[in-house]
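Student: The structure's right below; bear with me while I get my questions together.
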């Protein structure tokens with residue numbers, strides 16, 4: 001059993017401040033892509049879905065509304081309590097780096113994780129663990145910040161514009177692709193989100209860029225990937 005480190009509990013420590021730090025616009029954009037565009041068209045009623053790093057439960061809520069049997073997982077008991085209250089789904093305290101140990105291999109039809117893996121000591125291991133608990137024929141939807149934007153995020157944290165003080169191990173598009181392929185998954189779709197910081201407030205323009213300028217996704221803030229685990 002891995003010993004969890006203090007920086008990993010950053011969001012749990014934030015408590016009510018976590019709500020205020022979240023952007024409703026950014027969260028909705030990620031729900032739209034990862035759930036509504038990536039998973040819902042492939043979802044059948046009763047499919048078993050694992051939400052890794054569920055946070056406040058926004059993704060679990062949308063998945064359950066779409067007919068999935070959701071298991072929400074996080075390392076923070078307070079976050080799980082709030083997800084349980086919001087969604088009413090099964091909530092399990094589990095480490096993203098030890099999913100196989102907790103759930104076993106080939107356990108879920110779908111796995112989703114949004115803005116979680118970068119807050120672990122080893123985001124690549126987290127992706128491999130998600131691939132392991134995914135059943136053959138299953139689908140993984142994951143998002144994480146683009147390492148290209150790490151200097152700007154680090155500066156914002158240093159200036160105390162952001163309240164987060166945990167791990168922020170961002171990946172590149174290339175490292176995300178390589179890790180998933182090496183884990184035996186086939187990448188089916190890619191989308192970038194936010195060509196410029198959503199904090200600027202120009203949300204209509206930002207949405208237009210997300211829809212029309214995907215050829216520039218390598219420069220966008222969020223990396224969103226849909227991957228499939230072949231049946232054979």
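Student: Within the stretch 182-215, take every residue that is surrounded by fewer than 16 Cβ atoms within 10 Å (Cβ to Cβ) and in contact with a strand residue (DSSP E or B) (Cβ under 7 Å, 6 or more places away or on another chain) and give me the one that is farthest from residue 142 (Cα to Cα).
Tutor: Restricting to residues being surrounded by fewer than 16 Cβ atoms within 10 Å (Cβ to Cβ) and in contact with a strand residue (DSSP E or B) (Cβ under 7 Å, 6 or more places away or on another chain), the top hit is 214.
Student: Here's another thing I want to ask about it. Are there any pairs with C-beta distances below 7 angstrom linking a residue in the stretch 1-23 that is at positive phi to a residue that is surrounded by 14 or more Cβ atoms within 10 Å (Cβ to Cβ), with the two at least 6 apart or on different chains, and if so which?
Tutor: From residues that are at positive phi, the pairs are 15/78.
Student: Residues of the stretch 1-14 being outside any helix (DSSP H, G or I), under 20 Å from residue 168 (Cβ atoms) and modelled with pLDDT of 90 or more, which ones?
Tutor: If the condition is that a residue be outside any helix (DSSP H, G or I), under 20 Å from residue 168 (Cβ atoms) and modelled with pLDDT of 90 or more, then 4, 5 are the ones that fit.
Student: What's the number of the only condition in (1) closer than 30 Å to residue 48 by Cβ; (2) in contact with a helix residue (DSSP H, G or I) (Cβ under 8 Å, 6 or more places away or on another chain); (3) at pLDDT 95 or above that residue 194 fails to meet?
Tutor: (1)
Student: Only one of 17, 37, 28 is assigned to a helix (DSSP H, G or I) and more than 19 Å from the chain's Cα centre (by Cα). Can you tell me which?
Tutor: Selected residue: 17, the only one of 17, 37, 28 that is assigned to a helix (DSSP H, G or I) and more than 19 Å from the chain's Cα centre (by Cα).
Student: Looking at the stretch 47-73, which of its residues are free of Cβ contacts under 8 Å to residues at least 24 places away in the same chain and in contact with a strand residue (DSSP E or B) (Cβ under 6 Å, 6 or more places away or on another chain)?
Tutor: 69, 70, 72
Student: Working only within the stretch 103-124, note down all residues that are closer than 22 Å to residue 7 by Cα and surrounded by fewer than 16 Cβ atoms within 10 Å (Cβ to Cβ).
Tutor: 121, 122
Student: Looking only at residues that are in a helix (DSSP H, G or I) and touching a strand residue (DSSP E or B) at 6+ places or on another chain (Cβ under 9 Å) in the stretch 80-102, which one is surrounded by the fewest Cβ atoms within 10 Å (Cβ to Cβ)?
Tutor: It comes out as 81.
Student: Take the stretch 144-192 and flag every residue that is assigned to a strand (DSSP E or B) and over 29 Å from residue 100 (Cβ atoms).
Tutor: Passing the criteria: only 192.
The values are calculated or read from the model by the stated rules, or taken from the named source; none is laboratory data. Only a predicted model underlies this, so the values are computations on that prediction, with no experimental measurement involved. Virtual Cβ from ideal backbone geometry, glycine too; neighbours counted across all protein chains shown.
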